[in-house]
Amino acid sequence: MMADSFELGPIRPPSEAYSLLIRATKNCPWNRCKFCHIYKGQKFELRPVEEVKQDILAAKAMQDGLKEMARKSDYGGSLEAVVMAVLQNPPSQAYFNVALWLYHGGTGAFLQDANTLIMPTPDLVEIIKFLKQTLPSITQVTSYARSKTAAKKKPAELKALHEAGLSRLHIGLESGYDPLLEYMDKGVTAAEHIKGGRNIVASGISLCEYVVLGLGGKKMWREHAVETAKVLNQIDPAFIRVRTLTTKEGMPLYEEVQNGTFVRASDEEIVEEEKLLIENLDCHAYFVSDHITNLLQEIEGKLPEDKDKMLAAIDRFQSLSPGERHNFRVGRRVGIYNEMDDMADSQKHELAERAIEKLSDDGKQVSDKTIYFLMERFI
Ligand code: SF4
């Protein structure tokens, strides 16, 4: 009998949408960041290695079952056709994940949850090796980690993880400005970010650092941009990914926004902050803006050679008339536009104008509050 479920955690990075998700630990061992609601109220747990292995075996059973169905069924031996049919009506979320992973080639795996690196290194090595032996199509194994944990790991431990097959770690750097890190209760300093990041880079594991645009609010945006760039320059990660601050009930920051202690920056102020961040970057990372919360998703490229191109995209937005900037912001936040080029489509442009009429009190200007609300529907 085929297993039809295994443990899944709540999130994975956008770039891991087609990876097999294996939950190596549960929840977040820190769980205090003010801007994060994901694991609040949930206790961190290290899962026994044997339990994680059982999940990997369950994923293999699902994979084998899907392949068998393709051989035996009316799908003409097409695994793709079977997977497509299963994706329409999966018996469980885990089954959906396995089918999606297979459909996209079955090469990537992401170990959940928030800080897998906190596991004893021999346990994590054992899980990665078992995963790769059991599912040999997997060539990329990635996970989330905290800088603080990476700063404490011995170089030999990180090297052992890389040799076992850990290809990439995703770290929430968020900011490189110490007063802001402290205010947000991130539990890590800029120096620890640098040490942890450099340890990972030195081990050969590819590193992706996440920055939260808008995290400094109206008060600390300049320092946030400049100090974050300085920290990233010293780490020199393979990837820098930005996402934009959103606040939701369940985040401690939400209360502070409601009572006025923390004043959020507007989209236009955040674009100025992003400009300052990019201007100050002096490293070799690939910069990506692929998160749904970002206003300008087209800001992407390899540093340093694409820096001018990225800054030109910002200039293009800032050079629009105030009315066109507003049209783009609203169109982007209601899901009409993906990028600025979409404004040339007159139908889309008109739809964005209609949205402004509908969502504003005066038919012309949608408030920042409404725009934030629109953004937060996506997370
Ligand atoms: S470390 Fe990451 S997952 Fe944990 S509370 Fe902070 S942002 Fe959330």
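The values are calculated or read from the model by the stated rules, or taken from the named source; none is laboratory data. Keep in mind the model is a prediction, meaning the values are calculated, not measured. Because the Cβ atoms are built from the backbone with ideal geometry, glycine has one as well, and the counts that use them run over all protein chains shown. The protein model used for the area step is the full one, side chains on, heavy atoms only, and it has no ligands, DNA or RNA in it. Shrake-Rupley method; radii C 1.70, N 1.55, O 1.52, S 1.80 Å.
The residue pairs whose first member lies in the stretch 350-365 and is touching a residue at least 12 places away in the same chain (Cβ under 8 Å), whose second member is of a type in the set (G, A, S), and whose beta carbons are closer than 7 Å, counting only pairs six or more residues apart or on different chains, are A352/G331; A355/G331.
Within the stretch 303-334, the set of residues being open to solvent by 50 Å² or more (accessible area, probe 1.4 Å) and farther than 19 Å from E273 by Cα comprises E305, S321, E324.
In the condition set (1) closer than 26 Å to T247 by Cβ; (2) in contact with a Pro (Cβ under 8 Å, 6 or more places away or on another chain); (3) not aliphatic (A, V, I, L, M), N327 is compliant with all but (2).
Candidates are the residues of the stretch 55-95 that are part of a loop (DSSP other than H, G, I, E, B) and among the hydroxyl-bearing types (S, T, Y); the one that is surrounded by the most Cβ atoms within 10 Å (Cβ to Cβ) is Y75.
From the list E357, E279, E350, E298, which residue is part of a helix (DSSP H, G or I) and touching a helix residue (DSSP H, G or I) at 6+ places or on another chain (Cβ under 9 Å)?
Being part of a helix (DSSP H, G or I) and touching a helix residue (DSSP H, G or I) at 6+ places or on another chain (Cβ under 9 Å) holds for just one of E357, E279, E350, E298, which is E279.
Quickly run through the stretch 106-128 and pick out the residues that are within 23 Å of P48 (Cβ to Cβ), open to solvent by 20 Å² or more (accessible area, probe 1.4 Å) and away from the ligand (no atom under 16 Å from the Cβ). Within the stretch 106-128, P120, P122, D123, V125, E126 meet the criteria.
For the stretch 93-105, the condition holds for no residue, the condition being that it is within 16 Å of the ligand (Cβ to nearest atom) and β-branched (V, I, T). Considering each residue of the stretch 14-40, count those that are away from the ligand (no atom under 12 Å from the Cβ) and assigned to a loop (DSSP other than H, G, I, E, B), and give that number. Of the residues in the stretch 14-40, 4 are away from the ligand (no atom under 12 Å from the Cβ) and assigned to a loop (DSSP other than H, G, I, E, B). Within the stretch 37-50, residues that are aromatic (F, W, Y) sit with their Cβ atoms under 8 Å from residues that are open to solvent by 70 Å² or more (accessible area, probe 1.4 Å), at 6+ positions apart or across chains, in these pairs: Y39/P10.
Taken over the stretch 335-371, the criterion of being within 27 Å of the chain's Cα centre (by Cα) and open to solvent by less than 40 Å² (accessible area, probe 1.4 Å) is satisfied by I336, Y337, M340, D342, M343, T370, I371. Taking the conditions (1) closer than 21 Å to M375 by Cβ; (2) assigned to a helix (DSSP H, G or I); (3) touching a helix residue (DSSP H, G or I) at 6+ places or on another chain (Cβ under 9 Å) in turn, L311 satisfies each one other than (1).
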